[in-house]
């Protein structure tokens, strides 16, 4: 069995997408996943599967969310090694405040148009005096947001695009990224 990190987008956020974590663990175990663990209530899952393909694991979890919870949500899955690499590849290792660093995990790498839009958003934020930064490595967009997510000029500019055209991406702050790393063992 291979270990995966599954990130469910929009679960238990803002009063929508209600999925009790205990019930999710039960349903995932019933669907054949092993070693199922969750972290907080916002859709962070570590599990093992006989299927080595992260896209296939994501599709199975998406179907389970839709069929068992009536919550159609995208799911992004990284295999253990890919997740470890994503953490190690953090282009902002100098950032020690986890609320200032976010990773947007995506189903696929950004397209050329998405990269251009991200660069334009960074430039526009900088023109307004922001110190926000972004970098892309593979399927992960890293965001250094010194003013934190809620007051970030860059986050305000990219959030609508992220929700619409990110290949199923979902953001996590660095504290959550590190906690999932701990759960991987």
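The values are calculated or read from the model by the stated rules, or taken from the named source; none is laboratory data. Predicted model only: the values in this text are computed from it and were never measured. Quick reminder, even Gly has a Cβ in these numbers, built from the backbone with ideal geometry, and neighbours come from all protein chains shown.
Tabulated data for the structure shown
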quantity: Which numbered condition residue 51 fails, given (1) within 23 Å of residue 173 (Cα to Cα); (2) in the same structural domain as residue 27 (by TED's automatic domain parsing); (3) modelled with pLDDT of 95 or more; calculated: (1)
quantity: Residue check for residue 69: buried (at least 19 other Cβ atoms within 10 Å of the Cβ), closer than 19 Å to residue 8 by Cβ, in contact (Cβ under 8 Å) with a residue 12 or more places away in the chain and out of contact with any helix residue (DSSP H, G or I) (no Cβ under 6 Å at 6 or more places or on another chain); calculated: no
quantity: Test: residue in the range 86-93 that is buried (at least 19 other Cβ atoms within 10 Å of the Cβ), under 28 Å from residue 136 (Cα atoms) and more than 14 Å from the chain's Cα centre (by Cα); calculated: no
quantity: Selection count where residues are buried (at least 19 other Cβ atoms within 10 Å of the Cβ) and part of a loop (DSSP other than H, G, I, E, B), scope the range 42-57; calculated: 2
quantity: Criterion violated by residue 114 - all others in (1) crowded, with 20+ Cβ neighbours inside 10 Å; (2) closer than 17 Å to residue 3 by Cα satisfied; calculated: (2)
quantity: Enumeration of residues in the range 22-41 that are outside any loop (DSSP other than H, G, I, E, B) and within 17 Å of the chain's Cα centre (by Cα); calculated: 37, 38, 39
